[in-house]
Amino acid sequence: MAAAVRKIGGHVPPARGTRPRNRRALILAAAADLFYRRGYADVGMSDIADAVGMGPSALYRHFRSKQHLLMQVVLDGVAPVRDALARSAVEDPDTVLRAVVAATLDHREVGVLWQREGRLLPAAERAEVRREIRAVTAVVAELIQDARPELSPGQAELLAWCGLGVLLSPSFHRIELPRPEYVRLLVELGRAAVTARPAELVPIARSPARPTGIVLRSRREALLGAAVRMFAEQGYAGVAIEDIGAAAGIAGPSVYNHFESKADLLSAAVTRGVEWLSMDMTRALAGAEDDEGALRVLLWSYIRFAAEYSDLVTLLLAEVSHLPTQARHRARQAQVDHLMEWAHLLCAVRPEYGAAQARIRVHAALTAINDVARTRHLRDTAGVAPTLAAVAGAVLGLDPVG
């Protein structure tokens, strides 16, 4: 029996040696699939060439480098959302929303590619991707403000980020529903996010002379703190252990007195993130009197956690795949357990949802929170936390609290 052929972006890859007319599109689709499943750092140009049945040298005739290819993949991933939003000039908002939902479900890798892999681009390419993403966000914000003229531009922008986070949340899980049901649910959740009532927003002044508190003298903590920050900003593959030592003020060989390798550093950082998240949940739920109260307390607790430890959140979202096998399985199981606690509480409060819908709603709410927490100019604004609570509460289906 012939082996099954893995499709690339809905296309069957061509036989090696052929020259299909859509070769560039096939390359982009193969790269998007591989970057999404394995991560940019673990994919070589030869892997992409093999996926489309061509030699690596021919690949470079289309894309000058792997970084250039990543930039095009991210921009290509944003394009369906941008094109769907372009209909806003001639179609009603609900039709546009359904078109955006269809685009995100058809291209489920989009959220991961622009949030996880896009940060690995060089500065110039990263700036181009950011301009494109901000242009998409600006269109959504304009649509929100047209429908809700009482909102300030800042409030409309914040709701736009939340709404896009909700619509892109399927990129971060593989929970499935029948397509019509999935479209209806995401339209409902997207609408709930952008119609939530935002708080007044005031930028927080950040003084360079602001006290930073007492810093621990432990060299291990200094290394771990530098590793968390640098892995979050540059990606695990883009940071050398010597760079981490230099950032922590520790000479090269001395680093190995505290951590055996860079992988050991990442494992310690991820373990810390998972354990702190678990402790934060345990503490939040300890005083709850009922399921809905527990869910509300947990929501506020997570918003504070994500804002305060945004680098740890980034590691848990983007770098777990680089862990050794056993550590990776443990970290992912801990993340699943955390999400299932949320879903269990939501099912207790809204049993009509069922398990799959509850998990999709939890992913949507947490993705919106994570996106805002990892976006500095949004995070550093008073009023963001209560707005996120309102958005996430609406997505979860909780009754609003005055």
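Can you figure out the FRET efficiency of Ser218 with Val183, using R₀ = 51 Å and their beta-carbon distance, to the nearest 0.05? Don't skip to the answer; put the middle values down first.
On the way: r = 51 Å, r/R0 = 1.01.
Step by step, r from the Cβ atoms, then E = 0.50.
Is segment 118-179 best put as rounded, prolate or oblate by its Cα gyration tensor, with a ≥ b ≥ c the root eigenvalues, rounded for a/c under 1.5, and otherwise prolate when a/b is larger than b/c, oblate when not?
Cα axes put segment 118-179 in the oblate bin.
Set the Förster radius R0 to 35 Å, insert the Cβ-Cβ distance between His329 and Glu91 as r into 1/(1 + (r/R0)^6), and round the FRET efficiency to 0.05. All intermediate terms of the calculation are to be shown ahead of the outcome.
Details: r = 46 Å, r/R0 = 1.31.
According to the calculation, E is roughly 0.15.
Obtain the nm distance between the two label points defined at Ala286 and Tyr60 by a simple spin-label model: each point lies 7 Å from its Cα along the Cα-to-C-beta direction.
Distance between label points: 6.0 nm.
Let me know the whole percent of all Cα-Cα pairs from segment 222-396 that are separated by more than 30 Å.
24 percent
Residue by residue, what Karplus-based ³J(HN,Hα) values in Hz, rounded to whole numbers, does segment 384-394 have, using 6.51, -1.76 and 1.60 with θ = phi - 60° and x for Gly and Pro?
5, 4, x, 5, 4, 4, 5, 5, 5, x, 5
Put a dot 7 Å past each Cα toward the Cβ at Asp399 and Arg126; how far apart are the dots in nm?
The answer from the label model is 4.6 nm.
All other residues with a Cβ under 12 Å from the Cβ of Phe35 taken together, and with Lys, Arg as +1 and Asp, Glu as -1, what is their net charge?
Once positives and negatives cancel, what remains is -2.
Which of rounded, prolate or oblate describes segment 74-194 when judged by the alpha-carbon gyration tensor and an a/c cut-off of 1.5?
Numbers: a/c = 1.72, a/b = 1.09, b/c = 1.58.
It is oblate, given that a/c is not under 1.5 and a/b is not larger than b/c.
What list do you get for Ile48, Ile175, Ile204 if you sort them by fewest beta carbons within 10 Å?
Going from sparsest to densest Cβ surroundings: Ile204, Ile175, Ile48.
What shape does segment 295-402 take by its C-alpha gyration tensor, where a ≥ b ≥ c are the square roots of the eigenvalues and a/c under 1.5 counts as rounded, a/b above b/c as prolate, and the rest as oblate? Provide the component values of the computation, followed by the final result.
On the way: a/c = 2.54, a/b = 1.14, b/c = 2.23.
It is oblate, given that a/c is not under 1.5 and a/b is not larger than b/c.
Can you find, among Ala138, Ala32, Val395, the residue farthest towards the positive end of the dipole of the chain? Put +1 on the C-beta of Lys and Arg, -1 on that of Asp and Glu.
Going by the charge dipole, the pick is Ala32.
Placing +1 on the Cβ of each Lys and Arg and -1 on the Cβ of each Asp and Glu in the chain, which of Ala222, Pro56, Gly190 has its Cα farthest towards the positive end of the resulting dipole?
The Cα lying farthest towards the positive end belongs to Pro56.
A short reminder: the numbers here are calculations on the coordinates, not readings from a lab. Here the structure is a predicted model, which is why all the values come from computation and not from measurement. Virtual Cβ from ideal backbone geometry, glycine too; neighbours counted across all protein chains shown.
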